[in-house]
Amino acid sequence: DSCLFANIIIAGAPASGKGTQCEVIKSELGVVHLSTGDMLRAAVAAETEVGKMAKDFMDSGKLVPDEVIIGIVKDRLGESDCKENGWLLDGFPRTQAQARALEDAGVSADCFLFLDVPDEMLVERVVGRRTDPVTGKIYHMKFSPPEDEEVLNRLEQRSDDTEEKVKVRLDQFHANVDAVKDSYTDIMVSIDGNRTPSEVSSEIIQTINRMTSK
Ligand code: AP5
């Protein structure tokens, strides 16, 4: 299965574990991981035109306008690495307009994985999350702290990872999630994300294998 070609969408609430699971999926399948959150954070850091447009929305926990993000994703999916290796879309589509834009562009996925985690678990995951700026690896101060002291000392916290901002992010998620799911009823698989990361990963890998071998 190591050369399996797959186009995958992964969705779920803020801090449901998308980024954590994408690390595993990417290393197992060799697909190109496209996180719209990571792409936008990189644009903000580099102070590009897109970054300047996106910054205030992201800082307040709101979604950036569809017209800002849609073009970026369509362009990226058209690049040769995505065509050759398959892709893993993380954090997109998040609105009905984004789902329609993919469909209109003729982009289709093999499966739509939905990570299901109750809201009350998400706040604790958000406030404890830290990222290693060197490797990009995601940690949690309680659930998965780094073992290496050097890594511990360089961990960073995202500016939108506060209890106040996660409430806004959750509202945005709940306002859009049903419309997005409705666009993928035929390929959607709901995964219980309220288990250990490795339990979640093994179900995800099995699901992808099943959905892509049809
Ligand atoms: P984005 O970066 O996509 O943020 P998000 O959807 O809020 O998702 P997160 O990155 O917070 O969480 P995750 O699901 O990846 O969880 P993780 O694995 O890190 O978007 C940020 C912003 O960009 C948006 O608010 C918006 O402004 C903008 N944006 C992005 N895409 C957009 C779009 N398409 N349209 C418009 N705007 C867009 O895990 C979280 C924590 O939990 C970690 O600490 C982890 O260690 C821990 N954890 C993970 N799994 C488990 C487990 N099984 N058990 C216990 N702990 C766990």
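The values are calculated or read from the model by the stated rules, or taken from the named source; none is laboratory data. The structure presented is a predicted model; accordingly, all values stated were derived computationally and were not measured. Please note: Cβ atoms are built from the backbone with ideal geometry, for glycine as well, and neighbour counts cover all protein chains shown. These accessible areas exclude ligands, DNA and RNA; they are computed on the full protein's heavy atoms, side chains included. Shrake-Rupley method; radii C 1.70, N 1.55, O 1.52, S 1.80 Å.
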Subject >> Where a residue in region 114-136 is open to solvent by 10 Å² or more (accessible area, probe 1.4 Å) and its partner, wherever it lies, is within 11 Å of the ligand (Cβ to nearest atom) and part of a helix (DSSP H, G or I), with Cβ under 7 Å and at least six apart >> reply: Asp119/Leu170; Val123/Val166
Subject >> Residues that are in a loop (DSSP other than H, G, I, E, B), in contact with a helix residue (DSSP H, G or I) (Cβ under 8 Å, 6 or more places away or on another chain) and at pLDDT below 95, drawn from region 3-29 >> reply: Leu4, Phe5
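In region 62-89, which residues are open to solvent by 10 Å² or more (accessible area, probe 1.4 Å) and touching a residue at least 24 places away in the same chain (Cβ under 8 Å)? Give the derivation first.
Within region 62-89, the subset open to solvent by 10 Å² or more (accessible area, probe 1.4 Å) is 62-68, 70-72, 74-81, 83-85, 87.
Result: Lys62, Leu63, Val64, Asp66, Ile70, Ile72, Lys74, Arg76, Leu77, Asp81, Asn85, Trp87.
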Original post:
In region 70-175, which helices (runs of 4 or more DSSP H) lie fully inside it and hold 2 or more residues that are near the ligand (Cβ under 8 Å from one of its atoms)?
Top reply: 119-128
Subject >> Where Lys55 falls short, out of the listed (1) in a helix (DSSP H, G or I); (2) open to solvent by less than 20 Å² (accessible area, probe 1.4 Å) >> reply: (2)
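On the given criteria, is Ala11 closer than 19 Å to Val73 by Cα and within 9 Å of the chain's Cα centre (by Cα)?
For Ala11, the condition - closer than 19 Å to Val73 by Cα and within 9 Å of the chain's Cα centre (by Cα) - is met.
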